[in-house]
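The values are calculated or read from the model by the stated rules, or taken from the named source; none is laboratory data. These numbers were taken from a predicted model, which means no experiment stands behind them. Note that each Cβ is placed from the backbone with ideal geometry, even for glycine, and that neighbours are counted across all protein chains shown. The area values use the complete protein model at the heavy-atom level, side chains included, leaving out ligands, DNA and RNA. Shrake-Rupley method; radii C 1.70, N 1.55, O 1.52, S 1.80 Å.
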Amino acid sequence: MKTQVAIVGAGPAGLLLGHLLRAEGIDCVIVERQSPEYVLGRIRAGVLERTTTDLMDRLGINERLNAEGLKEAGFALADGERLIRIDTLGLTGKYVTVYGQTEVTRDLMDAAPGAVSRSFTKRLMWRCTISRATIPLSLMKKTEHKFG
């Protein structure tokens with residue numbers, strides 16, 4: 001198999017990256033060791049930042065997000081004793097959207113019809129594993145982002 005980019009993991013980040021690459025004409029393959037049912041069954045966070053919703057809009061994968069997502073001016077953090085309100089609209093001028101990452105994953109999978117049985121960009125491989133040991137060192141490019 002030959003591809004320009006291999007993405008490990010068909011969660012929301014991997015699927016969104018695959019759609020973004022495909023939109024730019026870049027061939028990619030997404031590998032995931034779990035079944036699509038398992039991936040969709042994982043419960044994840046439910047607040048999306050504006051960057052994510054803007055990317056979904058740009059890709060045209062936003063119908064359910066716009067219909068079912070709840071725009072909020074902020075969110076609250078609780079530590080057991082206190083409830084701390086974070087006013088994202090006041091601080092950044094941007095709303096956050098309450099819409100589960102599981103639903104984002106479902107939307108991204110649905111935007112590539114039949115991806116489970118055929119390809120994402122002609123080759124989506126489910127139940128396939130990949131590790132650094134299987135990639136020749138001469139072909140590997142490691143990229144790391146330090147947060148903070």
Next item on the list: Report, ordered by the first and then the second residue, all pairs with beta carbons closer than 6 Å, sequence separation of six or more or different chains, a first member in the range 80-95 that is within 27 Å of Leu65 (Cα to Cα), and a second member that is assigned to a strand (DSSP E or B) and not aromatic (Phe, Trp, Tyr).
Entry: Ile84/Leu77; Arg85/Ala76; Thr88/Val96; Tyr95/Lys71
Note to self: For the range 32-66, give me the residue count where each residue is in a helix (DSSP H, G or I) and of a type outside the set (Ser, Thr, Tyr).
What the structure shows: 16
Note to self: I'm told Arg22 meets every condition in (1) on the phi < 0 side of the Ramachandran plot; (2) open to solvent by less than 40 Å² (accessible area, probe 1.4 Å) except one. Can you identify the failing condition by its number?
What the structure shows: (2)
Note to self: I'd like the full set of residues that are under 15 Å from Pro12 (Cα atoms), open to solvent by 30 Å² or more (accessible area, probe 1.4 Å) and among the aliphatic types (A, V, I, L, M), limited to the range 58-78.
What the structure shows: Leu59
Notebook entry, point to check: Conditions: (1) open to solvent by less than 70 Å² (accessible area, probe 1.4 Å); (2) under 13 Å from the mean Cα position of the chain (by Cα); (3) touching a residue at least 60 places away in the same chain (Cβ under 8 Å). Val8 meets all but one. Number of the miss?
Noted result: (1)
Next item on the list: Scan the range 79-99 residue by residue and report those that are in a loop (DSSP other than H, G, I, E, B) and surrounded by 10 or more Cβ atoms within 10 Å (Cβ to Cβ).
Entry: Asp87, Lys94, Tyr95, Tyr99
